[in-house]
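The values are calculated or read from the model by the stated rules, or taken from the named source; none is laboratory data. What you are looking at is a predicted structure, and each value in this text was computed from that prediction instead of being measured. Backbone-built Cβ (ideal geometry, glycine too); neighbour counts: all protein chains shown. All accessible areas refer to the heavy atoms of the entire protein, side chains included, with ligands and DNA or RNA removed. Shrake-Rupley method; radii C 1.70, N 1.55, O 1.52, S 1.80 Å.
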Amino acid sequence: MKVFGNVLDMVGRTPMLKLQKLDTGSCELFLKLELMNPAGSIKDRIGVTMIEEAERRGDLKPGGTIVEATAGNTGLGLALAAAQKGYRVVLVLPDKMSQEKIFNLRAMGAEVVLTRSDVEKGHPEYYQDVGARIARENGWYYINQFANPDNPKAHAMTTGPEILEQMEGRVDAVIVGIGSSGTIAGLTQCFRERAPAVEMVLADPEGSVLADQVNKGRLGKPGSWLVEGIGEDFIPTICDLSMCRKAYSIPDGESFATAREILRKEGLLVGSSTGTLVAAALRYCGEQKQPKRVVTFACDTGNKYLSKLFNDFWMEDQGFTQRPQHGNLRDLVGRPHGERATITVGPGDVLTTAHNRLRNAGFSQLPVMEGDRLVGFIDEDDIMRHAFGDPERFNDPVREAMHTNFLVVEPTLALRNLVAMLDVQPYAAVMDQGQFHGLITRADVLNYLRRQMTATAAH
């Protein structure tokens, strides 16, 4: 096995895995594991190439500053290369991106600027326009992956040839997504010259405009989607759809469910865009009358989405999964106590334990449980009042700081009445004949109302 002298030498040459446990019909489905690049995604390839080509042209000088607008992974690839080469990196991200990506970028030394994800290209707060403006105003180098020919060059030189080598030239179709469009443009360039019979198939999030462009010859109606890294509301400058004759529009729910299924059945923790690609690949495979060898990508690692698609509570809040319904206030409880989902503390636990659980969960209050009995609540105000001026009191038991006067509601209470009560008290304990079912907070009510709105819109 080779010993590498620099982390950048480890970019590319990613493994190819034949999937065994998903239903691919008569086809064989292969997954190129781009998640095994050093920074965890296919974008490591373009991060290195775009910087090296800019150096070669003299566009990027030693000690310079790189600016880019990114969904996160290109930023990680750029940050990886920049850290090794001594460049400063400023990255502009839409605010829908996962916290894991943002934490990762900052830990790698990148400066992160968050901007709106609910505006389209041409709006002054659109993330690409913000990135271009920051670079222009400061005289910094704007990478601009969406119009940079070095982006597809990376895939024409590395990704495409690797696929043909690993598949021994026997590949019938490649399913790919479009973010900056470098992958599809680079693969098209490679396959046109070396494997012109390969069918390129687009996997597009529902809400993106690109699937209609392939299937109908015109841009679709722009919408919104939660899958990260692929899908657009415009056609990037470097995009090449000339070998693409088929596109699948995949809803977020199907993408997330597929990514979770890949983890359960194939043992791979993949990101949301991989869920979109594999969902499209499974549709394609199911439509084939003859066996075909199909390739798609594990674009990035699911470690970047643990707080989202791999978080059961987030999935439920977004309306992608649903618990059995009771037709009363129990349906609003975010973390049902009967499902062991409630984070609690005991009256004999010390305040440090309570504080740690509050911080780790991102909550402001915890139920205090003595066995199966709810005996009180402890919140940040309780701890602050008790310990202020004497930090040693963090070692006191919870019972000395908790409050026992709290709002209790029955499951049958009308939602309108609950909302009126939450105007005064930020949370309520749902109890029925002494049994604690869980908490309802103002955030739980908002999530419930948003799910109702989404369900209404869907019908």
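So the values come out like this:
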| read-out | value |
| --- | --- |
| Every residue from the range 327-361 that is among the basic types (Lys, Arg) and not in a loop (DSSP other than H, G, I, E, B) | ARG330, ARG357, ARG359 |
| Subset of the range 277-301 (residues that are outside any loop (DSSP other than H, G, I, E, B), within 18 Å of ASN37 (Cβ to Cβ) and not acidic (Asp, Glu)) | LEU277, VAL295, THR296, PHE297, THR301 |
| Unmet criterion (only one of (1) under 21 Å from THR70 (Cα atoms); (2) at pLDDT 95 or above) for GLY229 | (2) |
| Top-ranked residue of the range 302-313 - restricted to ones that are in a helix (DSSP H, G or I) and either among the hydroxyl-bearing types (Ser, Thr, Tyr) or open to solvent by less than 40 Å² (accessible area, probe 1.4 Å) (or both), ranked as nearest to ASN447 (Cα to Cα) | TYR305 |
| Top-ranked residue in the range 54-63 [being in contact (Cβ under 8 Å) with a residue 12 or more places away in the chain, open to solvent by 20 Å² or more (accessible area, probe 1.4 Å) and not charged (D, E, K, R); ranked as farthest from ASN138 (Cα to Cα)] | PRO62 |
| Any hit, the range 362-378, residues being assigned to a strand (DSSP E or B) and aromatic (Phe, Trp, Tyr) | yes |
| Residue count for the range 142-181, restricted to those that are open to solvent by 40 Å² or more (accessible area, probe 1.4 Å) and either touching an Asp or Glu at 6+ places or on another chain (Cβ under 8 Å) or of a type in the set (Lys, Arg) (or both) | 5 |
| Of all residues in the range 176-222 being in a strand (DSSP E or B) and over 24 Å from the mean Cα position of the chain (by Cα), the one that is nearest to MET50 (Cα to Cα) | MET200 |
| Residues located in the range 373-407, provided they are open to solvent by 100 Å² or more (accessible area, probe 1.4 Å) and hydrophobic (A, V, I, L, M, F, W, C) | MET384, PHE388 |
| Tally, over the range 252-276, of residues that are open to solvent by 40 Å² or more (accessible area, probe 1.4 Å), assigned to a loop (DSSP other than H, G, I, E, B) and on the phi < 0 side of the Ramachandran plot | 1 |
| Condition met for GLU370 (out of contact with any Ser or Thr (no Cβ under 8 Å at 6 or more places or on another chain) and either closer than 23 Å to ARG340 by Cβ or buried (at least 18 other Cβ atoms within 10 Å of the Cβ) (or both)) | yes |
| Qualifying residues in the range 10-36 (those that are basic (Lys, Arg) and more than 10 Å from PHE297 (Cα to Cα)) - the one surrounded by the most Cβ atoms within 10 Å (Cβ to Cβ) | ARG13 |
| Which numbered condition ASP95 fails, given (1) under 23 Å from ALA39 (Cβ atoms); (2) open to solvent by less than 50 Å² (accessible area, probe 1.4 Å); (3) in contact with a strand residue (DSSP E or B) (Cβ under 6 Å, 6 or more places away or on another chain) | (2) |
| Residue pairs meeting the criteria (Cβ under 6 Å; at least 6 apart or on separate chains; first modelled with pLDDT of 95 or more, in the range 370-392; second exposed (fewer than 13 other Cβ atoms within 10 Å of the Cβ)) | GLY376/THR404 |
| Where a residue in the range 399-419 is touching a residue at least 40 places away in the same chain (Cβ under 8 Å) and outside any helix (DSSP H, G or I) and its partner, wherever it lies, is open to solvent by less than 50 Å² (accessible area, probe 1.4 Å) and aromatic (Phe, Trp, Tyr), with Cβ under 9 Å and at least six apart | MET402/PHE377 |
| Residue that is most open to solvent (accessible area, probe 1.4 Å) [pool: residues in the range 333-367 that are farther than 25 Å from THR412 by Cα and aliphatic (A, V, I, L, M)] | VAL350 |
| From the options VAL209, VAL227, VAL214, residue that is farther than 22 Å from SER41 by Cβ, in contact with a Gly (Cβ under 8 Å, 6 or more places away or on another chain) and open to solvent by less than 50 Å² (accessible area, probe 1.4 Å) | VAL209 |
| Selected residue [hydroxyl-bearing (Ser, Thr, Tyr), under 22 Å from GLY179 (Cα atoms) and in contact with a Ser or Thr (Cβ under 8 Å, 6 or more places away or on another chain)] from TYR87, TYR142, TYR127 | TYR127 |
